[in-house]
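The values are calculated or read from the model by the stated rules, or taken from the named source; none is laboratory data. Predicted model only: the values in this text are computed from it and were never measured. Every residue, glycine as well, gets a Cβ built from its backbone with ideal geometry; the counts of neighbours run over all protein chains shown.
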Amino acid sequence: MKRRSQNDTKTKLMRCFLYLLLLMGLSCSAQKKTASDQESAIPQLVLHDTHSHLEASHFEVIKDEKSLKLLFAQLNKTRKPGIPLPQVDFNREILLFYGPGIINGMRDIELHIQKESQDSIMIAALDTLNSPKGELITTSPFCLYSLPKTGKTIVFIEKE
């Protein structure tokens, strides 16, 4: 009789232990999903510089290696050596390029998501003056951001 009650106790303990492991596993995987969802909403800076050689404002969504190479051919026209291509897995992410064209002064440019809906993501640029007023330098800055690949339409909102 004692032997059976000991076996029953061991069986109950094993079941409790397995349920505890299952519960811990499920809670950990739920936390991972929410963390990656939060990261997907923020564009990540890949590259920025003060000379793009673009005269006019230009925004581009880059979805493949060919488009990236064409863009870098433009950026590297007068650079020797040129800026190397960033390593991008286009199966998982896209790139967002923005250059405001020729501007007066040194500016820091950042892209951010202004609004997101079920079928589109609206991207806006923030630029802050990074040089003293009255400085007569002209630049053509650019920035390149990565964003997880999505089926949503990317819309750039040009500031007026």
> Do we have I109 as touching a helix residue (DSSP H, G or I) at 6+ places or on another chain (Cβ under 6 Å) and at pLDDT 75 or above here?
Replying inline: no
> Checking G151 against (1) surrounded by 13 or more Cβ atoms within 10 Å (Cβ to Cβ); (2) modelled with pLDDT under 90, which test does it fail?
Replying inline: (1)
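A quick yes/no check of all residues on (1) in contact (Cβ under 8 Å) with a residue 60 or more places away in the chain; (2) surrounded by 12 or more Cβ atoms within 10 Å (Cβ to Cβ); (3) touching a Ser or Thr at 6+ places or on another chain (Cβ under 8 Å):
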position: L54; (1), (2), (3): yes, yes, yes
position: K66; (1), (2), (3): no, no, no
position: K80; (1), (2), (3): no, no, no
position: V88; (1), (2), (3): no, yes, yes
position: I94; (1), (2), (3): yes, yes, yes
position: F97; (1), (2), (3): no, yes, no
position: P100; (1), (2), (3): no, yes, yes
> Scanning for something acidic (D, E) and in contact with a strand residue (DSSP E or B) (Cβ under 6 Å, 6 or more places away or on another chain), does region 81-102 turn up at least one residue?
Replying inline: yes
